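Inspection log for the structure reproduced underneath, given as C-alpha cells.
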C-alpha cells in the first residue's frame, strides 16, 4: 500500500475515533498532546488501526509511536507497497 | 487458683481509717500479703476478693502504689498488683486480672447473662436481613463468608448456626473479665465488655456489649471519643478518634478512626477505615477507605482502596434497601465513583465515574470501568499491565500488621490465581463469542449492563491470553525448576508435574474472604459441617486453615486441568518438543506484558504528568522541579526493577531452553 493511502486512511480512522475533523490532523501532531488521545484512547486507536489495515500488532511496539507521521511510517514498514 | 482469706480486725480498722466501707467486711477477702493501707476511700459491695497489692505501677511516667483508691467495687475478683483509682460510679461483676490499671473510669458493669458481643447478628449486604452473620470471638473472614453467602444450603446453615450458638453459649457469663495488664483510663460507661490482656482503653466514651480481644504480642487500642456497642475487636485492632461502631466486627490489625461510623458491618484483617460511613458491609481483608464523604453500603469488598466520595445506592424505593453489591478483590474506585446496586464488579478493576446501570460483569477481571456521556464502558484486562497491580502484589503481604500468635483470617495474597485466571478464561471465551457475533458496522455491544466497544474485544482477548499464558506456564516451569535437586531425566520432569493425592482439581474457585479455595474443597468442607463431622468452631477453623495450607497443591490441580484445556496436554504428559514450544510462548508473554507495563509506566513521567510543577518558572525549571520531586523514569526503583526483570526473563528462557534441549 502506498504511503499516501496509508496516511489518508490513518487520518480518517484517527478523526473517527477521536471525533474530530480530518483536516485538523497533521503528520506532526502528537496523539496525546495535540489530539487528546489519552492512554485509553491510544489503545482504541491501535485497535482501530489494526482493523483498518487488517493487522495484528505487537501493541507494546505500536504504543511507542507518538505522532501521526510516525504512525504512517510504522504502518508503511508493515504493509508492503 | 489464688487463695484468699478474711480480713483481720486490724486490716478492717485500717481500711475504715482510710475511708473505706463495706456492706459486710465478711464478704471482702484478700490474699496473704494484702496491704490495707493501699486501699482508700473505697466502698465494697457484695463479694469482693483482692490480691496482693505490694508492687508499684508506672502511670504517666510516675510510679504509684498498686491498690484501690476512691472507688466502688461490687462483686469483683481483683488479681495481684492492680491499680484502681477514681471510679465515678462502680466496678461491678468483673474479674480483674493481675497488673490491670483502671483509672478515671465512670463505670464498668456486667449484668446477668452477658455474652460480650458474642451472638449479635450483623446484617451485612442486605440491610433488611437475610445474610446475618453471628458475631463470636474467634470469627474469621471465612466463617463469616459462609454464613453470609451460602444461604442456598439450609441444612448447612442450620448446622453452622448450631456450632456458633454452642460457642456463644460458652461465652455467656454473669462476670466480665479485664485480663492481665490491660489499661482502662479516662473512659465513660463500660457495660458488658470483656477486655483482653494488654489492651489499652483511653478516653472511650461508651462501650457496651462487646469484647476487646488483645494479647501481649499485639495489644488492641480503643482511644478518645470512641462509642461502640454490640462489637468484637480482634487482637491488634485500633479504634480511635471519635469512631462510632454499632454491631461491628473489627479484625486483627484493623484500624478505625477519625469519626468513621460503622454499622452492621465486618472489617476483617488489616483493613483501614477513617472518616467514612460504613453500613451493612462485608469488608474482607485489606479494605481501605480514608476519606470523608465516602459511603460504603450493602456490599462486599476486599483488597480495596476507596477514592473520596465513593458511593453506592442499595435502595430503589420499592421493597426497601435490599440490593447488594459484590466488588471482588483488588478493586479501586476513583473519586466520586458511584455504583447502582445490584452489581457484581470483577476483581482488580478500577471504577471511574457514575454507573447507573446494574453492572454484572464478574468474568472480566483487571478491567477499567469508566463512564462516557452517562454510559458505562469497560476496557477489559488493562490493569494486567498497570503498575498499580504490580505494586499491589508486593505491598499487601508486606503490610500484614497481624502479630497475634494465631492469625484468624486465612489469606492468599496472589493476584494471579485459579480464581482470577479462571475468570479471565471465562471472560475471554465471552469476548471471543461476542466478537464473532458482532457485525463490523456495530461500534459496541451491551453485556451485563456495560458497553463493550467492538474494537476493544480483541484487545481484551489478547491481554487475557498473555496473562493466562504467563500464569499457567510460569507455574509449570516453577514446578519443574523449583523443587529440591535438579531434574536429571524427563521422567523426573514428569514426576514433578504429577498431582499429589488429596489435592483438588476443580476449575471453579472462590475468594472466600481472602482465602482462595477450590469448589471441590468447599463442597467437602460444607459436607463435613452438614454431617456433623465438624464438632465445634475450632474444628471448622481448622478446615479453613487446612485449605490455606493446601493452596499450592490445589492450585497445581487447577493448573493441570486448565493447562490441558489451553495447550491440549496435561503437564505430566508434556514431551520435550512441546516443552520448547511452551518456553517460547511463555517468554513471549512475559516480554509483551513487561513491555506493556513499562510503556504504561512512562506516562507517569511524561510531560502531561508534570502539570503544576516548576511553579513561577519556565519549561526547563518545570522539568528540573519534576525530576527533583519525582525522579526520572530511568532512575525510578520500580522501573529499574522492571528493567532488570527483562534480563531475568532472558536468562530463565535460556535455562529452560537448555533444559528442554537436553532431553530432546
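The values are calculated or read from the model by the stated rules, or taken from the named source; none is laboratory data. A quick note: this is a predicted structure, and the numbers were derived from the prediction, not measured. In this analysis, Cβ positions are derived from the backbone assuming ideal geometry, glycine residues included, and neighbour counts consider all displayed protein chains.
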Evaluate the range B:419-426: report whether one residue or more is buried (at least 18 other Cβ atoms within 10 Å of the Cβ) and in a loop (DSSP other than H, G, I, E, B).
no
Those residues of the range B:5-34 that are in a helix (DSSP H, G or I) and in contact with a helix residue (DSSP H, G or I) (Cβ under 7 Å, 6 or more places away or on another chain) come to a total of 5
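When the range B:378-410 is examined, which residues are found to be within 14 Å of another protein chain (Cβ to nearest Cβ), surrounded by 21 or more Cβ atoms within 10 Å (Cβ to Cβ) and not in a loop (DSSP other than H, G, I, E, B)?
Of the residues in the range B:378-410, the ones within 14 Å of another protein chain (Cβ to nearest Cβ) are B:378-388.
In the following step, the residues that additionally are surrounded by 21 or more Cβ atoms within 10 Å (Cβ to Cβ) were identified as B:378-385.
Of everything in the range B:378-410, those that are within 14 Å of another protein chain (Cβ to nearest Cβ), surrounded by 21 or more Cβ atoms within 10 Å (Cβ to Cβ) and not in a loop (DSSP other than H, G, I, E, B) turn out to be B:378, B:379, B:382, B:383, B:384, B:385.
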All conditions in (1) within 14 Å of chain A (Cβ to nearest Cβ); (2) part of a strand (DSSP E or B) are true of residue B:446 except (1)
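On the basis of being within 11 Å of chain B (Cβ to nearest Cβ), in a helix (DSSP H, G or I) and touching a strand residue (DSSP E or B) at 6+ places or on another chain (Cβ under 8 Å), does residue A:51 make the cut? If you could, list the steps in order and put the result at the bottom.
On the way: within 11 Å of chain B (Cβ to nearest Cβ): yes; in a helix (DSSP H, G or I): yes; touching a strand residue (DSSP E or B) at 6+ places or on another chain (Cβ under 8 Å): no.
No, not satisfied.
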Number of positions in the range B:564-574 that are in a helix (DSSP H, G or I), more than 14 Å from residue B:474 (Cα to Cα) and at pLDDT 95 or above
2
Is one or more of the residues making up the range B:326-335 in a loop (DSSP other than H, G, I, E, B), away from chain A (no Cβ under 14 Å) and surrounded by fewer than 18 Cβ atoms within 10 Å (Cβ to Cβ)?
yes
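With the requirement that a residue be part of a helix (DSSP H, G or I) and either touching a strand residue (DSSP E or B) at 6+ places or on another chain (Cβ under 8 Å) or at the interface with chain B (Cβ under 10 Å from one of its Cβ atoms) (or both), what does the range A:22-48 give you? Spell out how you get there, then give the answer.
Just the residues of the range A:22-48 that are part of a helix (DSSP H, G or I), to begin with: A:22-24, A:39-48.
Within the range A:22-48, A:39, A:40, A:42, A:43, A:44, A:45, A:46, A:47, A:48 qualify.
Specify the residue that is surrounded by the most Cβ atoms within 10 Å (Cβ to Cβ); the eligible residues are those in the range B:427-443 that are within 14 Å of chain A (Cβ to nearest Cβ) and touching a strand residue (DSSP E or B) at 6+ places or on another chain (Cβ under 8 Å). Steps first, answer last, please.
First, the residues of the range B:427-443 that are within 14 Å of chain A (Cβ to nearest Cβ): B:431, B:435, B:438-443.
In the following step, the residues that additionally are touching a strand residue (DSSP E or B) at 6+ places or on another chain (Cβ under 8 Å) were identified as B:431, B:438, B:443.
Numbers: B:431: 24, B:438: 15, B:443: 11.
My answer is B:431.
Yes/no per residue for (1) more than 26 Å from residue A:34 (Cβ to Cβ); (2) touching a strand residue (DSSP E or B) at 6+ places or on another chain (Cβ under 6 Å); (3) away from chain A (no Cβ under 14 Å):
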{"position": "B:576", "(1), (2), (3)": "yes, no, yes"}
{"position": "B:589", "(1), (2), (3)": "yes, no, no"}
{"position": "B:594", "(1), (2), (3)": "yes, no, no"}
{"position": "B:598", "(1), (2), (3)": "no, no, no"}
{"position": "B:615", "(1), (2), (3)": "no, no, yes"}
{"position": "B:636", "(1), (2), (3)": "yes, no, yes"}
{"position": "B:644", "(1), (2), (3)": "yes, no, yes"}
{"position": "B:663", "(1), (2), (3)": "yes, no, yes"}
Within the range B:456-463, identify whether any single residue is surrounded by fewer than 16 Cβ atoms within 10 Å (Cβ to Cβ) and not assigned by TED's automatic domain parsing to the domain that holds residue B:562, and answer yes or no.
no
